[in-house]
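Just below is one structure, and these are the notes that go with it.
The values are calculated or read from the model by the stated rules, or taken from the named source; none is laboratory data. Remember, predicted model here, so these are calculated numbers, not experimental data. Here Cβ is always computed from backbone atoms with ideal geometry, including for glycine, and neighbour counts include all displayed protein chains.
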Amino acid sequence: MGQRGELFTRRIFAGDGDKTYFFNVKENRYGNLFLNLAESRKKPEGGFQRDSLMIYLEDTEVFKDGFYKALDLLLRENTQSQQIECKTQSGRRSYIFSLHIHRNGNFILITEKRLNSDMDYQHETIRLDSDSQEDFMQAFTAAMRFMENSKKKKVVKLTRAKK
């Protein structure tokens, strides 16, 4: 297990080294797996700004569908900004993929909107620039594969334990 409880971790550098993405698969105290997807970027005045999203195993298909749709639009070099919102089955969390088209470079803002214990929505947003999307996709795919394989191993262990 990693230093912060990671079962799997991957890091990629983007841009001119001023941005780093972290893909950390963790397990909460209830045994639920989740991907903590974080973006760390240098602030102009010094220091770092860190934003992170949480994607639980049961929400991965919803997240992947929206993410792949947004990437497809980005790769097609669509001429207009668009937004895709994907709600999870629980209704406590949704992911918003906002595609932004600019002459200086296209990007996707990925926002996680989650209901907190005060019944207020909290928003966390990371930015994926088009020039980083290939490395991002490889790390994201590796993290998803790890989560899915971990789930299969848990099911096998549970099945064997019941016999």
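Among the residues of the range 1-45, the ones that are basic (Lys, Arg), part of a loop (DSSP other than H, G, I, E, B) and under 23 Å from Arg145 (Cβ atoms) come to 1 in all. For the range 71-104, residues that are more than 23 Å from Leu35 (Cα to Cα) and at pLDDT 85 or above total 2. For the range 30-40, the count of residues that are crowded, with 16+ Cβ neighbours inside 10 Å and acidic (Asp, Glu) is at least one.
Among residues that are part of a helix (DSSP H, G or I) and more than 30 Å from Lys151 (Cα to Cα), Leu74 is included. Would you confirm whether any residue within the range 62-76 is among the basic types (Lys, Arg), closer than 12 Å to Glu112 by Cα and in contact (Cβ under 8 Å) with a residue 12 or more places away in the chain? No; the residues of the range 62-76 include none that is among the basic types (Lys, Arg), closer than 12 Å to Glu112 by Cα and in contact (Cβ under 8 Å) with a residue 12 or more places away in the chain.
Considering only residues that are in contact (Cβ under 8 Å) with a residue 60 or more places away in the chain and surrounded by fewer than 18 Cβ atoms within 10 Å (Cβ to Cβ), which ones fall in the range 140-152?
Hits for the range 140-152 are Ala142, Glu148, Ser150, Lys151.
Applying the set (1) under 25 Å from Thr20 (Cβ atoms); (2) surrounded by 15 or more Cβ atoms within 10 Å (Cβ to Cβ) to Arg50 leaves exactly one unmet item: (2).
Residues in the range 46-59 that are modelled with pLDDT under 90, assigned to a helix (DSSP H, G or I) and either out of contact with any helix residue (DSSP H, G or I) (no Cβ under 7 Å at 6 or more places or on another chain) or among the polar types (S, T, N, Q) (or both): Glu58 only.
Here Gln49 meets the list (1) out of contact with any strand residue (DSSP E or B) (no Cβ under 6 Å at 6 or more places or on another chain); (2) under 24 Å from Asp131 (Cα atoms) almost entirely, failing just condition (1).
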